[in-house]
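To keep things clear, I will list the structure first and then write my remarks on it.
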Amino acid sequence: MPKRPEAVAERIYQQLKQEIFDFLLLPGDRFSENEIADRMSASRTPVRQALYALQQEGYVDVQPRSGWQIRAVDFDHLEALYDLRIVLELEAVKRLCQRADSVFPLPLQALKQFWLDDAPLDEGMNVAPHDEVFHMTLVTAAGNPEMARVHREITEKIRIVRRLDFTRQPRVSATYAEHGQILLAVRDRNLEEAQTRLHDHIAASQKEAIQAELITYRFFRGVRLMQRRTFVKAFALSASIVSLGWAFAAQAADTIKVGIMHSLSGTMAISETPLKDVALMTIDDINAKGGVLGKKLEPVVVDPASNWPLFAEKARQLLSQDKVAVVFGCWTSVSRKSVLPVFEELNGLLFYPVQYEGEEMSPNVFYTGAAPNQQAIPAVEYLMSEDGGAAKRFFLLGTDYVYPRTTNKILRAFLHSKGVQDKDIEEVYTPFGHSDYQTIVANIKKFSAGGKTAVISTINGDSNVPFYKELANQGLKATDVPVVAFSVGEEELRGIDTKPLVGNLAAWNYFESVDNPTNKQFVSEWKAYAKAHNLPNANTVVTNDPMEATYVGIHMWAQAVEKAGTTDVDKVRAAMAGQTFKAPSGFTLTMDATNHHLHKPVMIGEIESNGQFNVVWQTDKPVRAQPWSPFIPGNDKKSDRPVKTASN
């Protein structure tokens, strides 16, 4: 794909491209570089850069002595691109149906969640980006990066017509149905069914989009011919508005844009929405104290909607279009791994605030959540101790994705090192959004008949609610089989009757109940912010570990920017080494000088009847993270310095 222009040229490129898409500039329209420069309040150099990029992508032509001209829509070329797209996607579906493993790929599970399980979106223009993600994910999941690259380029080129496939509600509804049929056929490895459904779906979309493009083009061309004088006036008004827009853009240079990328809808919204809100609170607090480098922080919030491939698209948008200096976001490891290639490609900076499985150390990520040795391993050691109940058998229950599976791989190896045999370890996984835990809880009760048992839960998102409710329904108490959770905190318990759950455990690095002046101030500020901004259930809001990690991460980044004297990623990365911050946990936390992980205390808390946690055990000082677990063979040979994920 041609290299796209930067800075001012990038903004002009995006503006002109959008005007072409919106039929403000029609095929055949002519203009000079000076005209565009005047309208955009820019010099000719970035205008020329933007126009050359559009020329390479086939949107404009340069005419000798006549300036530039919008290129006519080449419907034959569009047909050829659609043909190539069909070939690539049919081959991708073939590979997916013939995959060697029996597990339905995680990216496709996320697509199924959006297109089949979640409530459909109403507005066609809101569906359009998800449709692009659907088709690109099919090709990416097939595992051939060159196929995926070519497919991305085709998607970019046909976007001008594809968006018109969503102007009529019947096509929006049909898209949901057709995508669902394709996914189910791929899941069932029904190649003929999957390819037939896919071919028919693309053909219908192609026909609708190109026909709509032709009708729309003719309409606007007719308006242009009949109302040339009116259009010229409108164009002049448009120029004034755009000029005003650039004035605002220049003013925006006095701010520093920061990205907030959390799921505000879908299965992970219950956990991630508070992280967005506490990030906004922290930014407001920093701005009230003068900002960073004398500039206000300007938050740019996006919602990847618990759709893991969409995380990558939103990350690219934040870095390439919104030009943010840093991004605070993600919860699940699959979302983090989805965006990692984007951050490494574009040299962006991500602060990741949630405990994770380790086995990763990117130069473009700072990990403010816990590694396994800062949560999972100490928690299991506690369960095996006399104070923790001296458990001999372990039921590992998690959501089916990379964090629970890798964490449990580490825990199984750890348990083996302690003499626990495989017959005393049970491992069960459920999909995101799972809600029926009746059979699983019954099986936990049966498994516990073999000796002192503990459940280690890596369930994520809103599935925690039905799991804990089912424990209560079946009368399984902590005195019988204690549950220690790694992804359940105060927020997930809000709204649940916790009386039957008293005594069950969670392992974190912070609880709202810790008693120290810094935490009292943090909790007080959060409750006041929730009421002032009319957050849902503002009178009962709580804080939790990932919220504290978000709060710490934003403050540390701000300190590093001040130290570096710039938001330049490479300089901020260097300035982050050794940063310290007095955290609400009551400890002064340090960003490790080499491995991009926070030194964090470890705490184990018991659920109380009021939905809070009573800390029953904690380390006496912060623990240095071990991203490469010593219980994974070969990790002792890996570097303790970040390397790009392709090299990990």
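Summed over region 406-443, the residues that are surrounded by fewer than 17 Cβ atoms within 10 Å (Cβ to Cβ), hydroxyl-bearing (Ser, Thr, Tyr) and part of a loop (DSSP other than H, G, I, E, B) give a count of 1. Among the conditions (1) modelled with pLDDT of 75 or more; (2) under 23 Å from Gln317 (Cβ atoms); (3) not hydroxyl-bearing (Ser, Thr, Tyr), Arg4 misses just one, which is (1). Here region 287-305 is the region considered, the condition is being buried (at least 18 other Cβ atoms within 10 Å of the Cβ) and not small (Gly, Ala, Ser), and the residue that is nearest to the chain's Cα centre (by Cα) is Pro304.
If you go through region 306-330 and keep only what is surrounded by fewer than 19 Cβ atoms within 10 Å (Cβ to Cβ) and part of a loop (DSSP other than H, G, I, E, B), you end up with Asp322, Lys323. If you go through region 596-636 and keep only what is hydrophobic (A, V, I, L, M, F, W, C), in a loop (DSSP other than H, G, I, E, B) and touching a strand residue (DSSP E or B) at 6+ places or on another chain (Cβ under 7 Å), you end up with Val602, Ala625.
Please report, ordered by residue number, the strands (runs of 3 or more DSSP E) entirely within region 483-589 with at least 3 residues that are assigned by the TED database to the domain that holds Phe394 and hydrophobic (A, V, I, L, M, F, W, C).
Working: elements: 483-485, 505-508, 580-582.
Those strands (runs of 3 or more DSSP E) span 483-485, 505-508.
Evaluate the following for Ile456: is it under 30 Å from Glu360 (Cα atoms), buried (at least 21 other Cβ atoms within 10 Å of the Cβ) and more than 25 Å from the chain's Cα centre (by Cα)? Outline the logic, then answer.
Values: under 30 Å from Glu360 (Cα atoms): yes; buried (at least 21 other Cβ atoms within 10 Å of the Cβ): yes; more than 25 Å from the chain's Cα centre (by Cα): yes.
So Ile456 fits the description; yes.
Exactly one residue among Ala391, Ala370 is out of contact with any Phe, Trp or Tyr (no Cβ under 8 Å at 6 or more places or on another chain), touching a residue at least 12 places away in the same chain (Cβ under 8 Å) and part of a loop (DSSP other than H, G, I, E, B), and that residue is Ala391.
A single entry from Lys563, Lys571, Lys582, Lys644 fulfils the requirement of being at pLDDT 95 or above, within 15 Å of Leu350 (Cα to Cα) and surrounded by 14 or more Cβ atoms within 10 Å (Cβ to Cβ): Lys571. Within region 31-49, the residues that satisfy the criterion of being of a type in the set (A, V, I, L, M, F, W, C) and either free of Cβ contacts under 8 Å to residues at least 60 places away in the same chain or touching a Leu at 6+ places or on another chain (Cβ under 9 Å) (or both) are Phe31, Ile36, Ala37, Met40, Val47. Taking each residue of region 579-594 that is farther than 17 Å from Trp508 by Cβ and looking for partners that are at pLDDT below 95 with beta-carbon atoms closer than 7 Å, six or more apart or interchain, yields Thr594/Asp640; Thr594/Arg641. The helices (runs of 4 or more DSSP H) falling completely within region 159-275 that include 3 or more residues that are modelled with pLDDT under 50 and surrounded by fewer than 16 Cβ atoms within 10 Å (Cβ to Cβ) map to 191-226, 228-252.
The values are calculated or read from the model by the stated rules, or taken from the named source; none is laboratory data. Note that the structure is a prediction, hence the values are computed from the model and not measured. When we count neighbours, we look across all protein chains shown, and the Cβ atoms used for this are built from the backbone with ideal geometry, even at glycine.
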